[in-house]
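Here's the structure, in structure tokens; my notes come after.
The values are calculated or read from the model by the stated rules, or taken from the named source; none is laboratory data. Fair warning: this is a prediction, and the values are worked out from it, not measured in the lab. Quick reminder, even Gly has a Cβ in these numbers, built from the backbone with ideal geometry, and neighbours come from all protein chains shown. The protein model used for the area step is the full one, side chains on, heavy atoms only, and it has no ligands, DNA or RNA in it. Shrake-Rupley method; radii C 1.70, N 1.55, O 1.52, S 1.80 Å.
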Amino acid sequence: MDRKAYVPFYAQMRHVQLGDDDYDTIVEHARRSGVDYLVAEEFVVQLYRPQLLPLVSDPAFRDGEKRLRVIYAERGVPGTGVAIFEVVRDFP
């Protein structure tokens, strides 16, 4: 799941549109629709999906989110961060 299809295209995976809903609706949609991964690029989150900002900027929030498991997170220069989350479907 990503806002644009670039990452899924190069990863040779199916693209699911990252909606512009509230945080919980986005995460639950990912879980229900069979999404395996959610990609959050810092610049995209800052401009277009601010409801996801804690996922890329707050390690404590990220660690507390049990429906998403961090598999990759990097942040160099501000605005260049990216995080990839595995969607956990068996979470109650």
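Being more than 12 Å from the chain's Cα centre (by Cα), under 17 Å from residue 1 (Cα atoms) and basic (Lys, Arg) is the filter here, so list the residues in the stretch 36-88 that pass it.
none
Considering the stretch 1-60 alone, what residues qualify as being of a type in the set (Ser, Thr, Tyr), under 17 Å from residue 71 (Cβ atoms) and part of a helix (DSSP H, G or I)?
The answer is 10, and nothing else.
Given 22, 63, which one is without any contact (Cβ under 8 Å) to a residue 12 or more places away in the chain and acidic (Asp, Glu)?
63
Examine the stretch 2-15 for a residue that is touching a residue at least 24 places away in the same chain (Cβ under 8 Å), touching a helix residue (DSSP H, G or I) at 6+ places or on another chain (Cβ under 7 Å) and hydrophobic (A, V, I, L, M, F, W, C), and state whether such a residue exists.
No, the conditions are met nowhere in the stretch 2-15.
Can you spot a residue in the stretch 43-51 that is hydroxyl-bearing (Ser, Thr, Tyr), out of contact with any helix residue (DSSP H, G or I) (no Cβ under 6 Å at 6 or more places or on another chain), touching a residue at least 12 places away in the same chain (Cβ under 8 Å) and open to solvent by 40 Å² or more (accessible area, probe 1.4 Å)?
yes
Of all residues in the stretch 12-41 being under 17 Å from residue 84 (Cβ atoms), at pLDDT 90 or above and of a type in the set (D, E, K, R), which is surrounded by the fewest Cβ atoms within 10 Å (Cβ to Cβ)?
Among residues in the stretch 12-41 that are under 17 Å from residue 84 (Cβ atoms), at pLDDT 90 or above and of a type in the set (D, E, K, R), the one surrounded by the fewest Cβ atoms within 10 Å (Cβ to Cβ) is 36.
For residues that are open to solvent by 70 Å² or more (accessible area, probe 1.4 Å) and part of a strand (DSSP E or B), scanning just the stretch 61-85, find the one that is nearest to residue 30 (Cα to Cα).
Going through the qualifying residues, I end up with 69.
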